[in-house]
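I have placed the structure first, in the form of structure tokens, so that the comments after it can refer back to it.
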Amino acid sequence: MRSEKAAGLDESIKNKADDRGPEWMNKLWKAREGDSAEPAENTPAESLMQAVPRDPKLSMLLMCAHQIRSPLASIQTALNAMRLGYVPGVSGKALEMIASLERKSEQLLNFINDLLNFGRLKSIEIDKEKEWVDLEELVSPILEDFFQRADKKHLQLYVHIEKPLPRIFGHSDGLRHLFYNLLDNAFQYTGEGGEVKFQLGADPSGQRIQGEVSDTGIGIPSECLPYIFDEFYRAPNVKKRGIEGSGLGLNIVQWVIHAHQGEIKVKSEEGRGTSFYFALPVGGPQGKKTREDEK
Ligand SMILES: Nc1ncnc2c1ncn2[C@@H]1O[C@H](COP(=O)(O)OP(=O)(O)OP(=O)(O)O)[C@@H](O)[C@H]1O
Ligand SMILES: [Mg+2]
């Protein structure tokens, strides 16, 4: 869920996470504890309660993540200033250590940001925010980003989107994360010279969108397949290669799929590649489904 996020996606997430300052969190915490001594000013406790995950463990985790984020960002800024020579007397071995600390703090900050983004997404009540979504329009900026990433990483990205594609009654932001995370994994876990395929189409009834994201990457060991959708799970072959990640991307993917009453399956062979197949019902009230229908 990190590194080069799809166009607009990362910033929107970051901004939303930033909007929720520690004060907001404190109010929420108090509201959750039923502490009426300091009511949430101008914001009914009820709406605060609805805005974060109802799972108390996740809520606690996010609270901690939020508290860690600001001091960590300050530490990183200070280390950066030292490495760039703004602090006199730092040189030699100390400089090397500072560079290493800066990398570690960046990793930690990425993880904290991933956690906060995860919490924000999981707090969405998808059913209440569904609308008719044109998937081709939705994936287009994401794919543009990945074409650039393909160039940089010397990968081939093949895209096939059937037309006309029915609109789907879904949650735009959730669906963006679904496509982004599947593509991000395909890119993250496929080396130079590899191939990534992205396909979207409708089944013959026109009632379901079917898609596939495949790669020719490192694959997933068969014994790990049952766990890959679990929160924080990462297979040993990716850890061994030192590829960074939080183990949250596929959990979000599965959550979005389920919130749309869809299905997702994975096939993978270690050393040969991975394919994710998904299906999403068009859903929603009957009506206009394709751009052509609207003309
Ligand atoms: N296309 C893929 N190729 C190989 N392994 C994969 C692929 N997709 C997922 N995996 C495995 O599933 C695990 C979970 O994926 P997930 O996207 O949830 O987490 P992540 O990529 O490790 O971290 P992040 O939360 O930053 O996305 C990965 O760590 C990896 O072991
Ligand atoms: Mg991932």
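Just so it is clear, none of the values below were taken in a lab; they were calculated from the coordinates. Keep in mind that this is a model prediction, so the values were computed, not measured. Note that each Cβ is placed from the backbone with ideal geometry, even for glycine, and that neighbours are counted across all protein chains shown.
Restricting things to alpha carbons, tell me how big the range 53-204 is in terms of Rg and Dmax, in Å.
In order Rg, Dmax, the Cα atoms of the range 53-204 give 20.7, 70 Å.
Could you please state, rounded to a whole Å, how far the C-alpha centre of the range 215-290 is from the C-alpha centre of the range 101-170?
13 Å
Using the beta-carbon distance between GLN156 and ARG241 and R0 = 25 Å, what value does 1/(1 + (r/R0)^6) give for FRET efficiency, to the nearest 0.05?
Step by step, r from the Cβ atoms, then E = 0.75.
For the pairs LYS163/LYS267; LYS163/LYS197; LYS197/LYS267; LYS104/LYS239; LYS57/LYS265, flag any whose C-alpha to C-alpha distance is greater than 20 Å.
In this structure, LYS163/LYS267; LYS57/LYS265 exceed 20 Å between Cα atoms.
Find, among the trypsin sites (Lys or Arg not before Pro) in the range 211-241, those assigned to loop by DSSP (not H, G, I, E, B) with at most 12 other beta-carbon atoms within 10 angstrom.
ARG241
Modelling each spin label as a point 7 Å along the Cα-to-Cβ direction, I'd like the SER100/TYR233 distance in nm, to one decimal.
Between SER100 and TYR233, the simple spin-label model gives 3.4 nm.
Starting at the first residue of the range 60-66, write each ³J(HN,Hα) from the Karplus equation 6.51 cos²θ - 1.76 cosθ + 1.60 with θ = phi - 60°, in whole Hz, x for Gly and Pro.
5, 4, 5, 4, 5, 4, 5
Once the dipole of the range 128-294 is set up with Lys and Arg at +1 and Asp and Glu at -1 on Cβ about the Cα centre, which of GLY217, LEU183, VAL238 lies farthest towards its positive end?
Selected residue: VAL238.
For the range 82-129, which chymotrypsin sites (Phe, Trp or Tyr not before Pro) pass both filters: DSSP loop (anything but H, G, I, E, B) and at most 15 other C-beta atoms within 10 Å?
TYR86
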